[in-house]
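**Student:** Provided herewith is a single structure, encoded as structure tokens, for subsequent inquiry.
The values are calculated or read from the model by the stated rules, or taken from the named source; none is laboratory data. What you see is a predicted model, and the numbers here were worked out from it, not measured in a lab. Don't worry about glycine lacking a Cβ; one is built from the backbone with ideal geometry, like all the others, and counts go over all protein chains shown. Note: areas computed on protein heavy atoms with side chains; ligands, DNA, RNA excluded. Shrake-Rupley method; radii C 1.70, N 1.55, O 1.52, S 1.80 Å.
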Amino acid sequence: YKDEEVLKQLAHTIKLSEIREANYDGVFYPGGHGPLWDLATDKHSIKLIESFYHHQKPIAFVCHAPAALLNVKAMNGEPLLHGRQVTCFSNSEEEAVQLSKVVPFLLEDELKKQGAHYSKGADWTSYTKQDGLLITGQNPASSEAVANLLLSTLKEDYSNE
């Protein structure tokens, strides 16, 4: 029964504060508008991302999930996004879904304010950017491509050991 399966999966959900980088090889943050309100400032998420990145583990984000990077710092104390090639849900896509006046900020603009080198593809098409261990996808259509980049990066890491 489908609902029972969903309940079983939810019963095994781990709180973000309980996740330890040492137990995982990489991290994938799915999109949705939620990260604009919570993950952008969540201290557990910020610490977790920093830990993954500082331990040379790939981090991947799709759509609005790069909001989780806005307060992440590199080891030198600068914003992790500074000088990095990234993408996210574009301002034009936000306008198309008529939420640009609803969201707390436009993610494309915030990434640029952090000093990121933002680029995008055509609206609603798959577009990704990889800058070392940082992988980002523009929109939901980019989810599969980002997941594949993450898997490829993990395979490279294992083949270099």
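**Student:** When residues of segment 129-150 are filtered for being within 20 Å of L70 (Cβ to Cβ) and crowded, with 17+ Cβ neighbours inside 10 Å, how many remain?
**Tutor:** Of the residues in that region, 11 qualify.
**Student:** Kindly indicate whether any position in segment 83-106 is among the polar types (S, T, N, Q), on the phi < 0 side of the Ramachandran plot, out of contact with any helix residue (DSSP H, G or I) (no Cβ under 9 Å at 6 or more places or on another chain) and part of a loop (DSSP other than H, G, I, E, B). Let's see the steps before the verdict.
**Tutor:** First, pick out the residues of segment 83-106 that are among the polar types (S, T, N, Q): 85, 87, 90-92, 98, 100.
So of that shortlist, the ones also on the phi < 0 side of the Ramachandran plot come out as 85, 87, 90-92, 100.
Add one more test, that the residue is out of contact with any helix residue (DSSP H, G or I) (no Cβ under 9 Å at 6 or more places or on another chain), and what stays is 85.
From the residues that got through so far, the ones that are part of a loop (DSSP other than H, G, I, E, B) too are none.
No, every residue in segment 83-106 fails to be among the polar types (S, T, N, Q), on the phi < 0 side of the Ramachandran plot, out of contact with any helix residue (DSSP H, G or I) (no Cβ under 9 Å at 6 or more places or on another chain) and part of a loop (DSSP other than H, G, I, E, B).
**Student:** So which residues in segment 151-161 are open to solvent by less than 40 Å² (accessible area, probe 1.4 Å) and either of a type in the set (S, T, N, Q) or touching a strand residue (DSSP E or B) at 6+ places or on another chain (Cβ under 9 Å) (or both)?
**Tutor:** Answer for segment 151-161, where residues must be open to solvent by less than 40 Å² (accessible area, probe 1.4 Å) and either of a type in the set (S, T, N, Q) or touching a strand residue (DSSP E or B) at 6+ places or on another chain (Cβ under 9 Å) (or both): just T153.
**Student:** A further question on this structure: Mind checking whether some residue in segment 110-128 is under 22 Å from P79 (Cβ atoms), surrounded by 13 or more Cβ atoms within 10 Å (Cβ to Cβ) and in contact with a helix residue (DSSP H, G or I) (Cβ under 6 Å, 6 or more places away or on another chain)?
**Tutor:** Yes: one or more hits.
Conditions (1) at pLDDT below 90; (2) buried (at least 17 other Cβ atoms within 10 Å of the Cβ); (3) part of a helix (DSSP H, G or I), marked per residue:
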position: L7; (1), (2), (3): yes, no, yes
position: L10; (1), (2), (3): yes, no, yes
position: D25; (1), (2), (3): no, no, no
position: P35; (1), (2), (3): no, yes, yes
position: A40; (1), (2), (3): no, yes, no
position: I46; (1), (2), (3): no, yes, yes
position: Q56; (1), (2), (3): no, no, no
position: A60; (1), (2), (3): no, yes, no
position: N71; (1), (2), (3): no, yes, no
